[in-house]
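Below is one structure, written out as structure tokens; comments come after it.
Derivation of every value follows stated rules applied to the coordinates shown; laboratory data play no part. As the structure is a computational prediction, the values presented were derived from the model and not from experiment. Cβ placement follows ideal geometry from the backbone for every residue including glycine, while neighbour counts extend to all protein chains displayed.
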């Protein structure tokens, strides 16, 4: 065995271990995102808060912490979990999701209730930006 091989093989093994750890951490991060979304959907449907936490925990990685709170019309769910792997590489993964509470949709004071009505567009659906009238239409101006 040459000296180069003696140095290269441990470096390749270390690289492979780091790559596998990175893939496991990425998969755990995706689980955190999915868990936060599931919890937010459950809370937004006016399910009991305990069921929203349960839905998030069932999707989250092992050892995850789940927090559910309501801020105005939004339910926010935050999921934190330790990244898998050895302790020296320990880091905390987190994800947050928010969903509009269904009991506020269309209620007085929400954005939907105060949205201005849409005006009729005289340009037509396919008119380019800046066109005031469809091609061939009179502009109404007197020459």
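Ranked by Cβ crowding within 10 angstrom, fewest neighbours first, how are 47, 4 ordered? Write out the running numbers ahead of the final one.
Details: 47 15, 4 8.
Listing 47, 4 from fewest to most nearby Cβ atoms yields 4, 47.
Can you tell me the FRET efficiency between residue 92 and residue 24 if r is taken as the Cβ-Cβ distance and R0 is 25 Å, rounded to the nearest 0.05? Write out the running numbers ahead of the final one.
Values: r = 15 Å, r/R0 = 0.59.
Given R0 = 25 Å and the Cβ-Cβ separation, E is 0.95.
For the ranges 67-76, 92-101, what's the packing order if you count other beta-carbon atoms within 10 Å of each residue, average per peptide, and put the highest first?
Numbers: 67-76: 15.6, 92-101: 17.5.
Final packing ranking: 92-101, 67-76.
Listing 77, 66 from the residue with the fewest other Cβ atoms within 10 Å to the one with the most, what is the order?
Working: 77 27, 66 21.
Lowest count first: 66, 77.
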